[in-house]
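K.L.:
Can you read through this structure? Questions will come right after.
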Amino acid sequence: MFGFTPERVDLSTLSCNLVHMTVTSPLTSHSVLHGVPVVPGVQYAPVIRPGKLPDVDNDAEGEIAEEKRAAEGERFTAAAAAVAERLRERAAHATGAASEVLAATATLATDRGWLGAAEKRIRDGAPAVRAVNGAIDQFVEMFTKLGGLMAERVTDLRDIRDRVVAELKGLPEPGVPVPDEPSILCAEDLAPADTAGLDPELVVALATTLGGPTSHTAIIARQLGIPCVVAVAGLDDVPAGTMVLVDGTRGTVTVSPDEGPAREAVAEAKRVAEAAANWSGPGTTADGHAVAVLANVQDGAAARSARQTPAEGVGLFRTELCFLNTDTEPTVDEQATIYAEVLDAFAGNKVVIRTLDAGSDKPLKFAGHPDEANPALGVRGIRIAANNPGLLANQLEAIAKAAERSGNPPWVMAPMIATAEEAKNFADKARSHGLTPGVMIEVPAAALLADRILEHVDFLSIGTNDLAQYTMAADRMSAELATLTDPWQPAVLALVAMTVKAGAAVGKPVGVCGEAAADPLLACVLTGFGVTSLSAAAAAVQGVGAKLAQVTLQQCRDAAEAVLGTASAAEGRAAALAVLG
Ligand code: PEP
Ligand code: MG
C-alpha cells in the first residue's frame with residue numbers, strides 16, 4: 001500500500017507542478033500564493049477554517065495516583081472506542097472514497113500499536129491526555145522517518161489524537177464548520193475524517209498549507225470534484241471570511257481579488273470544463289485536420305483507465321515504471337504478460353512502447369547503474385544497453401511476444417537517443433524482432449540531426465520534459481529552475497519545430513509525448529508546427545482534444561509562427577493566447 005504507485009504519483013507531472021512553488025510576500029489584497037495544483041477548476045468564495053483543536057498540553061496534569069490508574073486506563077479506552085465508533089458510523093453513511101477514508105481512520109483509531117503505547121504510559125502514571133499525546137507523537141515520528149506516503153498518514157494520526165483528547169476533556173469534536181454559503185476551506189492540513197464528510201455544494205474548493213498530491217485531502221477533493229491546491233506557502237496568514245480565488249489548474253490562491261474578474265475566471269473555467277467533458281474525440285481541429293490524441297500510461301491498469309477516455313491509443317508506455325520495485329530482471333514471459341495487458345486494453349489501436357528508460361530519477365535495481373556524480377547526464381535510457389545488451393534484447397523479445405499474444409502490433413521506441421548511430425543500432429534490433437522502430441527526441445543533439453536519425457527509423461516522438469532539461473541545462477526536478485524547464489521556452493520550441501519539419505520532409509510521423517502535449521494551448525501550437533500526434537496523461541486528454549476542436553489549422557500555424565518569434569516563455573504564451581484565445 002505504501003510503495004511507489006506511479007498511477008498516483010506521476011514523476012513528470014510532479015516536477016511540472018513544482019513550477020509554481022514560490023512565495024509572494026508580504027500578504028496584501030491581490031497577493032497570489034502558490035502551491036501544488038491537485039484538482040483543476042477555479043472557485044471564488046470566502047474562506048472558512050476548521051474549529052479550534054483541543055489543548056493537548058503535556059504538563060497540565062501531574063502524575064495519576066497508583067490506585068486511580070486502572071480507572072484512567074478505562075476512561076482512555078472508552079474515549080478511543082467512542083471516537084472509533086463515531087468514525088465508523090460516518091463511514092457507513094458516506095460513499096466511495098469518503099467511506100473508505102473514514103473507515104481507514106476508524107481502523108487507525110483502534111490500532112493496537114498506539115493504543116498499547118498510550119495504555120503503557122497510563123500504567124506508568126501519565127494522565128490519559130498526556131499518554132495519548134505521547135503515544136501519537138511516537139508514531140508520528142516513526143511515520144515521518146519512513147517518509148513518502150507513510151509520512152502523509154501523519155495527519156490521520158494527529159486527527160485521532162485531537163478527537164480522543166476532545167472526548168477525554170468533554171469538548172465538542174474538532175472539525176470543519178458547516179458554512180451557510182458556498183465557501184473555500186483553508187487549513188494547515190485537513191483531517192481525513194473532516195474532508196470525507198464535506199458537502200461539495202457548500203465547500204467548493206480546498207487549499208492547505210501542508211499535504212502532498214497523494215494526501216487524503218487530495219484524494220477526497222478529487223472524489224468531490226472540487227478544485228484543490230496543497231502546499232500553499234503563506235496560506236496560514238489568510239483569515240476566515242477573506243474572499244479568495246482558488247485556481248486548481250495553476251496551483252494558486254489569490255487573496256481578495258477584484259470581484260468582477262474573479263467571477264469571470266470562475267465562469268470561464270466552467271465553460272472550459274464543460275467543453276472538455278463533452279469532447280469525445282477523435283482529435284481534429286475545427287476545420288478537420290486530424291491529430292491523434294493519445295494517452296501516456298505506465299501499466300495495464302492505467303491503460304484500461306485511459307481507455308475510458310476518448311484517447312485514440314497510447315503514445316507513450318513508460319515500461320520502466322512497471323519495475324521500479326523489482327529487484328531482479330523480470331523474465332521475458334513475465335514482461336510479455338505486462339506489455340500484453342496494455343496492448344489488449346487498446347486492442348485495434350495504436351500503442352507505442354518505450355524500452356526501459358532506466359537511470360537518473362528512475363533507477364532500476366536490476367539495470368546495473370554505475371555510481372555516477374551526475375546521473376541525468378550519465379548512463380540512462382538507451383545507454384544502458386551498451387553495457388547490458390541482454391536487457392534490451394530480452395525486452396524486445398518480450399514486446400514481440402506480447403504483440404503475438406494480443407494480435408496488436410505495437411511501435412517501439414528508444415529513450416535518450418543522442419546520435420544517428422544509436423538510432424540505427426536500435427532500429428536494426430527492433431526490426432529483427434518484427435517491430436516498427438522509432439526513437440525519442442529528448443537530447444538537443446538528436447533534434448538538431450533529426451533528418452539523419454530519420455534515415456534509420458519509422459517515427460519520432462519528442463519528449464519535451466527532457467528536451468527542456470537538456471536544452472536549458474536545468475534539472476527538471478528543480479523547483480527553483482522551473483521557469484527554465486518550462487516547455488514554452490522558445491529555444492525548446494525551436495528544436496521541436498526543427499524535428500517536426502524533418503519528419504514532414506520525409507513523410508514520417510512525429511509526435512509529442514512530454515508534458516507539453518498536456519497543455520491545451522501549447523498542444524495547438526505543436527499542431528501548428530505539424531506534429532501528427534499528441535500524447536498526454538489520461539486526465540489531460542479531453543482538455544487537449546476540446547481545445548483543438550475549437551481552433552483551425554491556420555490559427556495553429558499562426559500561433560506557432562508567433563511563438564517562434566518570441567524571446568521568453570511568457571511572451572510565447574501571450575502570443576499563442578492572442579491567436580488562439
Ligand atoms: C520526456 O522526457 O518528455 C518524456 C516523455 O520522458 P520521461 O518524462 O519519462 O523522461
Ligand atoms: Mg524523458
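Condition check ((1) in contact with a strand residue (DSSP E or B) (Cβ under 7 Å, 6 or more places away or on another chain); (2) assigned by the TED database to the domain that holds GLY313; (3) buried (at least 24 other Cβ atoms within 10 Å of the Cβ); (4) modelled with pLDDT of 95 or more) across all residues:
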site: SER478; (1), (2), (3), (4): no, yes, no, no
site: THR485; (1), (2), (3), (4): no, yes, yes, no
site: ALA494; (1), (2), (3), (4): no, yes, no, yes
site: ALA497; (1), (2), (3), (4): no, yes, no, yes
site: CYS513; (1), (2), (3), (4): yes, yes, yes, yes
site: GLY528; (1), (2), (3), (4): no, yes, yes, yes
site: LEU553; (1), (2), (3), (4): no, yes, no, yes
site: ALA562; (1), (2), (3), (4): no, yes, no, yes
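K.L.:
Can you tell me how many residues in the range 236-269 are among the basic types (Lys, Arg) and within 24 Å of the chain's Cα centre (by Cα)?
P.N.:
Residues that pass the stated criteria total 1.
K.L.:
Report whether or not ARG380 is within 13 Å of ligand 1 (Cβ to nearest atom) and of a type in the set (Lys, Arg).
P.N.:
So ARG380 fits the description; yes.
K.L.:
So, one more: What about GLY368, is it away from ligand 2 (no atom under 16 Å from the Cβ), on the phi > 0 side of the Ramachandran plot and in contact with a helix residue (DSSP H, G or I) (Cβ under 8 Å, 6 or more places away or on another chain)?
P.N.:
Yes: the conditions hold for GLY368.
K.L.:
Here is a check on your reading of the model: is ALA414 out of contact with any helix residue (DSSP H, G or I) (no Cβ under 7 Å at 6 or more places or on another chain), within 26 Å of SER533 (Cβ to Cβ) and in contact (Cβ under 8 Å) with a residue 24 or more places away in the chain?
P.N.:
No: the conditions fail for ALA414.
K.L.:
Starting from residues that are in contact (Cβ under 8 Å) with a residue 24 or more places away in the chain and surrounded by fewer than 18 Cβ atoms within 10 Å (Cβ to Cβ), keep the ones in the range 342-376 and report whichever is nearest to GLY511 (Cα to Cα).
P.N.:
Only one residue tops the list, namely ASN349.
K.L.:
Give me the residue from the range 421-438 that is of a type in the set (Lys, Arg) and surrounded by fewer than 19 Cβ atoms within 10 Å (Cβ to Cβ) and, out of that set, farthest from ligand 2 (Cβ to nearest atom).
P.N.:
Step by step, filter the range 421-438, then rank; the result is ARG431.
K.L.:
For the range 358-374, check the following and say yes or no: at least one residue is touching a Ser or Thr at 6+ places or on another chain (Cβ under 9 Å), within 14 Å of ligand 1 (Cβ to nearest atom) and either of a type in the set (Ser, Thr, Tyr) or in a helix (DSSP H, G or I) (or both).
P.N.:
Checked the range 358-374: no residue is touching a Ser or Thr at 6+ places or on another chain (Cβ under 9 Å), within 14 Å of ligand 1 (Cβ to nearest atom) and either of a type in the set (Ser, Thr, Tyr) or in a helix (DSSP H, G or I) (or both).
K.L.:
Sticking with this one: When you scan the range 250-272, do you find a residue that is of a type in the set (S, T, N, Q), at pLDDT 90 or above and either in a strand (DSSP E or B) or assigned by the TED database to the domain that holds MET413 (or both), even just one?
P.N.:
Yes, there is a match, as at least one residue in the range 250-272 is of a type in the set (S, T, N, Q), at pLDDT 90 or above and either in a strand (DSSP E or B) or assigned by the TED database to the domain that holds MET413 (or both).
K.L.:
Select from the range 432-470 the residues that are more than 10 Å from ligand 1 (Cβ to nearest atom), in a strand (DSSP E or B) and among the aliphatic types (A, V, I, L, M) and list them in ascending order.
P.N.:
VAL439, LEU460
K.L.:
Among the candidates ILE453, ILE441, which residue alone is touching a residue at least 24 places away in the same chain (Cβ under 8 Å), β-branched (Val, Ile, Thr) and within 13 Å of ligand 2 (Cβ to nearest atom)?
P.N.:
ILE441
K.L.:
If only one of ALA400, ALA418, ALA386 is away from ligand 2 (no atom under 16 Å from the Cβ) and modelled with pLDDT of 95 or more, which one is it?
P.N.:
Checking each option against the conditions leaves just ALA400.
K.L.:
If you go through the range 327-339 one residue at a time, do you hit one that is touching a residue at least 12 places away in the same chain (Cβ under 8 Å) and under 26 Å from ALA473 (Cβ atoms)?
P.N.:
Checked the range 327-339: no residue is touching a residue at least 12 places away in the same chain (Cβ under 8 Å) and under 26 Å from ALA473 (Cβ atoms).
K.L.:
Right, next: Looking at the range 45-65 only, could you name the residues that are among the aliphatic types (A, V, I, L, M), surrounded by 14 or more Cβ atoms within 10 Å (Cβ to Cβ) and either at pLDDT 80 or above or touching a strand residue (DSSP E or B) at 6+ places or on another chain (Cβ under 9 Å) (or both)?
P.N.:
Residues satisfying the conditions are ALA45, VAL47, ILE48, ILE64.
Residue-by-condition table, conditions (1) more than 16 Å from ligand 1 (Cβ to nearest atom); (2) of a type outside the set (Gly, Ala, Ser); (3) closer than 30 Å to LEU493 by Cβ; (4) part of a strand (DSSP E or B):
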position: ILE384; (1), (2), (3), (4): no, yes, yes, no
position: LEU392; (1), (2), (3), (4): yes, yes, no, no
position: ALA400; (1), (2), (3), (4): yes, no, no, no
position: ALA403; (1), (2), (3), (4): yes, no, no, no
position: ASN425; (1), (2), (3), (4): yes, yes, yes, no
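K.L.:
On to the next question. Assess whether LEU294 counts as being touching a Leu at 6+ places or on another chain (Cβ under 9 Å), more than 16 Å from ALA537 (Cα to Cα), assigned by the TED database to the domain that holds ASN465 and crowded, with 23+ Cβ neighbours inside 10 Å.
P.N.:
For LEU294, the condition - touching a Leu at 6+ places or on another chain (Cβ under 9 Å), more than 16 Å from ALA537 (Cα to Cα), assigned by the TED database to the domain that holds ASN465 and crowded, with 23+ Cβ neighbours inside 10 Å - is not met.
K.L.:
Could you tell me whether ILE353 is within 27 Å of the chain's Cα centre (by Cα), modelled with pLDDT of 95 or more, within 16 Å of ligand 1 (Cβ to nearest atom) and assigned to a strand (DSSP E or B)?
P.N.:
When the stated conditions are applied, ILE353 passes them.
K.L.:
Among (1) at pLDDT 95 or above; (2) assigned by the TED database to the domain that holds SER360; (3) of a type outside the set (Phe, Trp, Tyr), there is one condition SER305 misses while meeting the rest; what is its number?
P.N.:
Unmet for SER305, out of (1) at pLDDT 95 or above; (2) assigned by the TED database to the domain that holds SER360; (3) of a type outside the set (Phe, Trp, Tyr): (1).
The values are calculated or read from the model by the stated rules, or taken from the named source; none is laboratory data. Just so you know, these numbers come straight off a predicted model, no measurement behind them. Cβ atoms come from the backbone with ideal geometry, glycine included; neighbour counts cover every protein chain shown.
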